[in-house]
Amino acid sequence: MADIRRLSLFPLGGALLLPRAYLPLHIFEPRYRAMVEDSLVRERRIGMIQPRDPADPDRLYDIGCIGKIIDVQALEDGRYNLVLEGVSRFRLVQLLDRPTAFLQIEASTDGFEEDGDEPDPLAAVIRAAIERDARRMAAARGYEIDWDQVARLDDEGLVNGIAQVAPFDIAAKQALLEAEGLPARADLLLQLLSFMAPDAEDPTLQ
């Protein structure tokens, strides 16, 4: 039997939530404040999904990620600061006709049963290449990064963290979400970083 559930939906381009990763959000629009309030009294779950085109927010990708609200700060003016933990990817089944300002959907998690499992470590050469190209990309764009802290991340934290914060376009972030398993996501991340890193070799980044 298919695992179908109702989800409140937060369409947000460029905001990438991955299984077993975390995403901080600042909620200020009235409809999404209502979404948070609804989620808090039910399962504390929100479906994060990207629009295919920022100019047409009603055209959504088919696959998103369920986020569990693990931390919430209610501000005096009605806004919220949240932290979501990625639980599982989902496939959008259908939009529901509900009298709420925010979207609600039927979603299926079939096919994503392993999203919560701890992945195997990456090959050392892949890990090293990701760190190298991330350094090149950051240097090219003037980003200041605490690389000592980055080095302490496990492989999954490294890949997911770069995937979330790097300035990839919506389609690239969606491809990272849809990649099956950490090795595939790491390979795709390397390809994307190679497009953003300088072509010239910089010995200070080796």
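The values are calculated or read from the model by the stated rules, or taken from the named source; none is laboratory data. Note that the coordinates shown come from a computational prediction; the quantities given were computed from them, not determined experimentally. Cβ atoms come from the backbone with ideal geometry, glycine included; neighbour counts cover every protein chain shown.
Residues in the stretch 4-21 that are surrounded by fewer than 17 Cβ atoms within 10 Å (Cβ to Cβ) and either in the same structural domain as Ala175 (by TED's automatic domain parsing) or assigned to a strand (DSSP E or B) (or both): Ile4, Arg5, Arg6. As a summary of the residue check, Pro167 satisfies the conditions (1) under 13 Å from the mean Cα position of the chain (by Cα); (2) more than 30 Å from Pro30 (Cβ to Cβ) except for the one numbered (2). Among the residues making up the stretch 151-165, those that are buried (at least 17 other Cβ atoms within 10 Å of the Cβ) and touching a helix residue (DSSP H, G or I) at 6+ places or on another chain (Cβ under 7 Å) are Asp155, Glu156, Leu158, Val159, Ile162, Ala163.
Looking across the stretch 44-74 at every residue that is crowded, with 17+ Cβ neighbours inside 10 Å and not in a strand (DSSP E or B), the one that is farthest from the chain's Cα centre (by Cα) is identified as Tyr61. Listed by first and then second residue, the pairs with beta-carbon distance under 6 Å, at least 6 apart or on different chains, first residue in the stretch 53-66 and closer than 16 Å to Phe112 by Cα, second aromatic (Phe, Trp, Tyr), are Gly64/Phe90; Ile66/Phe90.
When residues in the stretch 110-129 are screened for being within 24 Å of Leu60 (Cα to Cα) and surrounded by 18 or more Cβ atoms within 10 Å (Cβ to Cβ), 2 of them pass.
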